[in-house]
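Structure, as structure tokens:
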Amino acid sequence: MLNAAVDGIESRAGRLSGVWLADGRWFEAQVAIVGIGMLPNVEVLAAAGAKVTNGVDVDAQCRTTLPDVFAIGDCVLHPNRFSNAGVVRLESVQNATDQAAMVSRILTGETARYDAIPWFWSQQFDCQLQTAGLLHGFDSTVVRGEPKSGAFSIIYTLQGRVLALDCVNAGRDFIQGKHLVMKGVVADAETLASTAIDLRSLVT
Ligand SMILES: Cc1cc2nc3c(=O)[nH]c(=O)nc-3n(C[C@H](O)[C@H](O)[C@H](O)COP(=O)(O)OP(=O)(O)OC[C@H]3O[C@@H](n4cnc5c(N)ncnc54)[C@H](O)[C@@H]3O)c2cc1C
């Protein structure tokens, strides 16, 4: 249910019993999963004078606006060519570790800049979830594979250009599809949907 506000969560005998919605509907429930978002802990850097907007602002080398102070991971708003806003704050293990590796190179005297494609993974019971790219701004989606089979991908495009993929038990699509995002490949929906066509073959 979208746009449904929770009015109250009730318990009976010390256990969750159900949820009231603002429109008066009642749903019995045994488990509540609460998704309330996250706020980055930026107070220390803000107090030290670093520029803070949506997280700590950093450049392509993860430098804050304070001299010799770098920041990485969930708390940083960084330039990212895969974001339609040009900058993004990413909450993913991969982003944190990739930025750590990049900053390590800079601290040891190499030149480097952060240009990794955003990707995420999670394992939920028998579901391997992987996403590549950022879907913001998409105007179409293509389903590749058969959702009922438990293995499929959803491909997000903007005017035919592949922006992102959500892959469910479809590691091959994930690995190959990443390259479509990195290269900004344009392909028609029928081609993207056809599992007979390797996504890799669409990379020019
Ligand atoms: C429930 C949950 C599930 C997730 N699942 C996935 C997943 O499946 N895949 C995925 O890619 N990502 C997942 N993430 C996101 C992932 O955990 C984060 O992106 C990653 O941990 C970010 O690393 P980080 O080092 O930037 O921040 P953190 O891991 O949050 O580390 C920041 C550390 O700084 C400490 N800290 C904060 N303020 C101060 C201060 N003032 N002084 C000293 N220490 C301070 C904190 O205590 C914390 O230990 C999940 C996150 C949550 C909460």
- Identify all residues within region 115-154 that are among the small types (Gly, Ala, Ser) and either more than 30 Å from MET102 (Cβ to Cβ) or assigned to a helix (DSSP H, G or I) (or both); write none if there are none. SER140, GLY145, SER149, GLY150, ALA151
- Item | Filtered residue count, region 15-73, keeping only those that are exposed (fewer than 10 other Cβ atoms within 10 Å of the Cβ) and part of a strand (DSSP E or B) | 2
- Right, THR53: touching a residue at least 24 places away in the same chain (Cβ under 8 Å), among the hydroxyl-bearing types (Ser, Thr, Tyr) and on the phi < 0 side of the Ramachandran plot or not? yes
- Note on the structure: The residue that is surrounded by the fewest Cβ atoms within 10 Å (Cβ to Cβ), considering only those in region 176-204 that are under 16 Å from the mean Cα position of the chain (by Cα) and under 27 Å from PHE125 (Cα atoms), is LYS178
- Note on the structure: Residues of region 144-167 being closer than 17 Å to ALA187 by Cα, in contact with a Gly (Cβ under 9 Å, 6 or more places away or on another chain) and not basic (Lys, Arg), in sequence order, are SER153, ILE155, TYR156, LEU158, VAL162, LEU163, ALA164, LEU165
- Can you name every residue in region 128-142 that is surrounded by fewer than 14 Cβ atoms within 10 Å (Cβ to Cβ) and touching a helix residue (DSSP H, G or I) at 6+ places or on another chain (Cβ under 9 Å)? SER140
- Going through (1) within 16 Å of the ligand (Cβ to nearest atom); (2) not in a helix (DSSP H, G or I) one by one, ALA196 fails only at (1)
- Output the residue which, of all residues in region 60-109 that are charged (D, E, K, R) and under 20 Å from the mean Cα position of the chain (by Cα), is farthest from the ligand (Cβ to nearest atom). ARG81
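Throughout, read-outs are computed from the coordinates displayed, never taken from laboratory work. Quick caveat: nothing in here was measured; it's all calculated off a predicted structure. No Cβ is skipped: glycine too gets one built from the backbone with ideal geometry, and neighbour counts run over all protein chains shown.
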